1. Taking just the alpha carbons, could you work out the radius of gyration and Dmax for the range 1-53, both in angstroms?
2. Return the Rg/Rh value of the chain, two decimal places, where both radii are evaluated on C-alpha atoms and Rh is the Kirkwood radius.
3. Calculate, in nm to one decimal, what Asn193 and Glu114 gain on full extension: separation in residues at 0.36 nm each, minus their alpha carbon distance.
4. Which value at 222 nm does the chain reach when only helices count, each DSSP H run of 4 or more adding -39,500 (n - 2.57), with the total divided by all residues and rounded to the nearest 500 deg cm²/dmol?
5. Scanning the chain for helices, which whole DSSP H stretches are 30 Å or more long along the axis (Cα) and average -1.0 or more by Kyte-Doolittle?
6. Could you rank the peptides 123-131, 188-196 by their average count of other C-beta atoms within 10 Å per residue, with the highest value first?
7. Where does each of 177-183, 42-48 land if you order them by average Cβ count within 10 Å, highest first?
8. Starting from the Cα of Glu48, step 7 Å along the direction of its Cβ; do the same at Glu183; then give the gap between the two resulting points in nm.
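Values quoted throughout were computed directly from the atomic coordinates according to the rules given, and no laboratory measurement underlies them. From a predicted model like this one, the values you see are computed outputs, not experimental measurements. Counting neighbours? That spans all protein chains shown, and the Cβs are built from the backbone with ideal geometry, glycine included.
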Amino acid sequence: MKSYLDRFKKMVDELKKHPQIEVREFIVNPPAKDEEIEQAQEKFNLTEDMLDFYKQANGIKLSWTLKGETDGYDDAYIELLPVQEVFQDWSESLEKEDFPEFEPLYPLDFFRPEACAALYLDEETEIPEIYFHKVGEEMETLKLDFKKYLETLLLTKGFYYWQSARASSLNEEERFTENNIREKFPKLFPNINIDIILK
């Protein structure tokens with residue numbers, strides 16, 4: 001299997017060739033330095049998949065949209081943070097003092113200013129689950145680990161709020177997001193089974 005970095009680059013190349021899509025930004029950070037990984041390891045014993053990814057690229061940003069007029073609900077964003085940022089102190093940014101239930105969350109992919117996919121780390125965590133988190137509002141498990149999250153990113157290509165649509169307890173907003181994805185995603189990518197993403 002190709003490296004994560006090669007696969008992300010291949011995905012972006014395919015997006016650039018798509019007649020309906022405009023890639024706005026694609027940034028790949030250099031590999032994480034040994035001291036950055038060691039610093040992160042003081043907070044959490046990184047899994048092999050995490051080490052594999054961060055040694056290839058210490059963060060990736062991608063945004064794309066449809067060409068022409070768009071309603072904004074078919075944009076796509078990925079912002080996989082550098083490893084030293086993932087394991088920094090998020091107490092203030094995630095309002096953990098006001099919402100202690102968010103204490104175990106460490107943002108991994110801050111795909112919107114107000115929302116992220118975050119590692120859920122407690123004392124017994126060895127392979128953490130990824131949670132959808134809307135800052136100051138809610139969190140829901142995505143039932144994905146780090147490796148499966150990257151695999152799903154490659155499938156969704158960062159499509160608008162797919163993480164929210166996958167959340168297990170859908171509220172009205174999340175139901176709208178799921179319906180939006182089910183309507184638009186298959187038209188752009190007919191060869192990808194949307195049920196695999198949203199199950």
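1. Using the Cα atoms of the range 1-53, the pair Rg, Dmax is 15.1, 46 Å.
2. Rg/Rh: 0.95.
3. Here the answer is 25.6 nm.
4. Values: 8 runs with 71 residues, N = 199.
One gets -10000 deg cm²/dmol as the mean residue ellipticity at 222 nm.
5. none
6. Working: 123-131: 14.0, 188-196: 12.2.
Order by mean packing, descending: 123-131, 188-196.
7. In descending order of packing, they fall as 177-183, 42-48.
8. 4.4
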